[in-house]
Amino acid sequence: APLIDLVRFDQLTSVATEEESHGDPAGAITTLGHALALWNGEPFANIEAPFVADHRARLVETRRTAEERLVRLLLAVGEPDRAVALLEAMVRETPYSEQRWSLLIDALHATGRRRDALQTYQRIDRMLRDDLGIGPGPLLRAAEQRVLDDDSDEGADVDGTGGDDGARTSSTSSTGRP
């Protein structure tokens with residue numbers, strides 16, 4: 001029934017879009033959750049053919065887009081803890097996705113975990129530099145800056161010393177983008 005699941009996934013994501021556009025983010029969250037629950041492993045994993053590989057890549061990207069949309073909705077309705085749990089798994093699946101890391105930084109910050117948000121930025125910064133020889137792109141640098149600029153949690157433990165002295169905890173310079 002994989003083809004039926006794909007059709008149902010498309011239907012559910014369309015319903016979620018309608019729910020969201022009609023001001024029902026909670027309904028969209030539930031519907032996207034049902035859509036994503038239909039996924040079980042990699043699509044067409046047992047079929048090896050060039051046209052299948054291309055289709056598989058598009059389907060995986062469609063699923064990832066739905067996951068990111070779900071996370072954005074969770075953040076919008078004030079459920080950052082749920083978003084963090086999803087995003088931690090998502091960055092393990094796609095370790096170089098700056099979009100997902102940026103969302104994780106935002107979600108951690110939204111939970112009040114400013115220090116964790118900044119440490120997460122430092123982690124992806126090191127990984128990008130060590131593994132790919134590049135620095136964080138504008139999306140990640142902007143996520144870090146949002147955390148650093150937020151003074152609503154003045155005095156939060158940013159550097160582990162018990163207070164935020166305003167010092168930057170990581171470099172935001174980019175070593176170049178491909």
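The values are calculated or read from the model by the stated rules, or taken from the named source; none is laboratory data. Because the structure is predicted, anything quoted here is derived from the model rather than measured. Quick reminder, even Gly has a Cβ in these numbers, built from the backbone with ideal geometry, and neighbours come from all protein chains shown. Just the protein is used for accessible areas: all its heavy atoms, side chains included, with ligands, DNA and RNA removed. Shrake-Rupley method; radii C 1.70, N 1.55, O 1.52, S 1.80 Å.
Values computed for the structure shown
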{"read-out": "Some residue of the stretch 115-125 being at pLDDT 95 or above, over 30 Å from Glu42 (Cα atoms), open to solvent by less than 40 Å² (accessible area, probe 1.4 Å) and not acidic (Asp, Glu)", "value": "yes"}
{"read-out": "Ala37 being within 20 Å of Leu87 (Cα to Cα), free of Cβ contacts under 8 Å to residues at least 60 places away in the same chain and out of contact with any strand residue (DSSP E or B) (no Cβ under 6 Å at 6 or more places or on another chain)", "value": "yes"}
{"read-out": "Residue satisfying condition, being open to solvent by less than 60 Å² (accessible area, probe 1.4 Å), farther than 30 Å from Ile134 by Cα, part of a helix (DSSP H, G or I) and of a type in the set (S, T, N, Q), within set Thr17, Thr30, Thr13", "value": "Thr13"}
{"read-out": "Single unsatisfied condition, Pro50 versus (1) loosely packed, with under 13 Cβ neighbours inside 10 Å; (2) closer than 30 Å to Pro136 by Cα", "value": "(2)"}
{"read-out": "Check on His22, at pLDDT 95 or above and touching a helix residue (DSSP H, G or I) at 6+ places or on another chain (Cβ under 7 Å)", "value": "no"}
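Matching residues to (1) within 13 Å of the chain's Cα centre (by Cα); (2) aromatic (Phe, Trp, Tyr); (3) open to solvent by 60 Å² or more (accessible area, probe 1.4 Å):
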position: Leu73; (1), (2), (3): yes, no, no
position: Ala85; (1), (2), (3): yes, no, yes
position: Glu98; (1), (2), (3): yes, no, no
position: Leu103; (1), (2), (3): yes, no, no
position: Ile134; (1), (2), (3): no, no, no
